[in-house]
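Note sheet for the following structure.
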Amino acid sequence: MTFPWRRRRAKTNESRPVADRDIGGMELTTIPVHFLCPISLDLMRDPVTLPTGITYDRESIEKWLDSGNRTCPVTNRLLPGSLEPVPNHSIRKMIQDWCVQNRSRGIERIPTPRVPVAPREVFEICSAIDESVSCGDAVKCRELVGRIKNLARDSERNRHCMMANGAGPTLARSFESFARFPIEGENNLELLKEILSVLTWMSSSLGEDGASRLKSIVSLRCMARFLKNEDDLSSRQNAICVLRELIDLDGDVVGILVKGIEEAVFRIVKVPIGSRATKAGLVVIHRMMTWVVTSSSKFIRMGLIPSVLEIIVDGDKSACEKALGVLDSAFGTKEGREIAYENALVIPLLVKKILRVSEVATGFCVSSLWKLLCLGEVKERGVVEAAEHGGFQKLLLVLQMGSSGDKEKVTELLKAMNACRGKVDCFDSSLGFRYVKRSLD
């Protein structure tokens, strides 16, 4: 049986819509297919063409290539190693004209993209900075550093290009050179602040020369001075972030830095400036407590433990993990353990965070509990408290999973809790994890 009707063919001279969007009750807008990036399926803002002839949005194709892909997403053809996408000005102008025509429908005209920085341009800027440093011209150097900041603000690609072509070591050299001059001069002070703000994201590309420049006594003293300046929050944040990166590169930095800097670092944790600064401050404190014995007592007397407990309660997973590491270091001292015994939040919080944050965090929790309950003068009240909050069940699970921490420490903790089972009212295996969930949430 045949039907007398046929499916009507679509007109070939019309652009096929990809997605009709109704924004705030406005008329539906059909975006021409060739204006859309094949990767993101969004309107291209900076169209570039690969050697395969396919046009993509620059940001999308650069993310694709940065992920390690070496083929064209559409054709699957292999791309050359030294690939530089060519800007497609024709498509870009067509998109801009289309945006203007559809302005009444709420479409904004895409701006003309700026030309990405080239390696040669980065080399010229670095050479000019070195020249201004040799002449002691802080004004010229600040102007060039500002140019680097503006280029970095334009795109992530510009950042990668500058990091790959020697901008990091150049800025480190300039920071050390101008840090030797009196910091009171306005031009010199502002220049050092500008350089420090750029180094926060360029520290991974410093190289040996750049790192050695920033690890010098002159540079570290300058950063310490910024840390102590309570009136300049931005410079304090930048200084602690750069110091954190330097300590990751070389722990010996702590020995040079530690004198008189503990209070300034602790203030960043106690009175938060921002999430990034708090995390950097926790890392610096942890390294200082690990490398310099006297630092632990100083931080503890300042009120470190209560401040860190607040971060564990309110912070995200990354901050919580770093804060637990600081607590573990603090409980390595008798003074720290005595304060912990007096704080009713410590043991329940450590038990709660086991298997809840990360494997590293669980290791810190186990180590901290072991120091509190098995090291030195053991407080039986603390062992009972840990068991009452579900510590026995959680430690059993840690032992079974074989994750995090030392199994010997877990075993010792289990033995200590098992010895106190007669004094724990809720120590009933039939409750299982229902009790743990109810008590921890």
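The values are calculated or read from the model by the stated rules, or taken from the named source; none is laboratory data. Given the structure is predicted, the values throughout are model-derived calculations rather than measurements. Glycine gets a Cβ as well: all are built from the backbone with ideal geometry, and neighbour counts include every protein chain shown.
Things to note:
- Enumerated helices (runs of 4 or more DSSP H) restricted to region 285-337, each holding at least 2 residues that are within 17 Å of Leu375 (Cβ to Cβ): 293-302, 317-330
- Test: residue in region 387-394 that is under 32 Å from the mean Cα position of the chain (by Cα) and either assigned to a helix (DSSP H, G or I) or surrounded by fewer than 16 Cβ atoms within 10 Å (Cβ to Cβ) (or both): yes
- Qualifying residue in region 66-88 (condition: of a type outside the set (Asp, Glu) and assigned to a helix (DSSP H, G or I)): no
- Residue list for region 74-92, restricted to those being touching a Ser or Thr at 6+ places or on another chain (Cβ under 9 Å) and under 24 Å from Arg45 (Cβ atoms): Val74, Thr75, Leu79, Pro85, Val86, Pro87, Asn88, Ile91, Arg92
- Tally of residues being among the acidic types (Asp, Glu) and within 28 Å of Asp248 (Cα to Cα) across region 316-347: 4
- Residue in region 51-65 that is of a type in the set (Lys, Arg), more than 29 Å from the chain's Cα centre (by Cα) and either more than 30 Å from Leu196 (Cβ to Cβ) or not assigned by TED's automatic domain parsing to the domain that holds Leu189 (or both) present: no
- Answer residue from region 284-299, given it is β-branched (Val, Ile, Thr) and surrounded by fewer than 21 Cβ atoms within 10 Å (Cβ to Cβ) and is farthest from Leu249 (Cα to Cα) among those: Thr294
- Remark: pairs (first residue in region 58-81, basic (Lys, Arg); second residue not in a loop (DSSP other than H, G, I, E, B); Cβ separation under 9 Å; 6+ apart in sequence or on different chains) = Arg58/Pro47; Arg58/Val48; Arg58/Pro87; Arg58/Arg157; Lys63/Glu156; Arg70/Leu78; Arg77/Thr71.
- So Val218, is it of a type in the set (A, V, I, L, M) and within 23 Å of Met162 (Cβ to Cβ): no
- For first residues located in region 402-417 and in a loop (DSSP other than H, G, I, E, B) and surrounded by fewer than 20 Cβ atoms within 10 Å (Cβ to Cβ), partners that are at pLDDT 85 or above and β-branched (Val, Ile, Thr) and lie 6+ apart or on another chain with Cβ distances below 7 Å form the pairs Ser403/Thr362.
- Any chance Cys126 is assigned to a helix (DSSP H, G or I) and more than 27 Å from Gly210 (Cβ to Cβ): no
- Screening the candidates Leu151, Leu171 for the property of being assigned by TED's automatic domain parsing to the domain that holds Glu208, buried (at least 16 other Cβ atoms within 10 Å of the Cβ) and within 19 Å of Leu214 (Cβ to Cβ) yields one hit, Leu171.
- When Ser60, Ser82 are checked against the criterion of being among the hydroxyl-bearing types (Ser, Thr, Tyr) and at pLDDT 90 or above, a single residue qualifies: Ser60.
- Applying the criterion of being surrounded by fewer than 15 Cβ atoms within 10 Å (Cβ to Cβ), of a type in the set (D, E, K, R) and assigned by TED's automatic domain parsing to the domain that holds Lys140 to the residues of region 191-241, the residue that is nearest to the chain's Cα centre (by Cα) is Glu208.
- Considering each residue of region 88-98 in turn, none proves to be of a type in the set (A, V, I, L, M), at pLDDT 90 or above and surrounded by fewer than 15 Cβ atoms within 10 Å (Cβ to Cβ).
- Yes/no for Asn238 being at pLDDT 90 or above and not basic (Lys, Arg): yes
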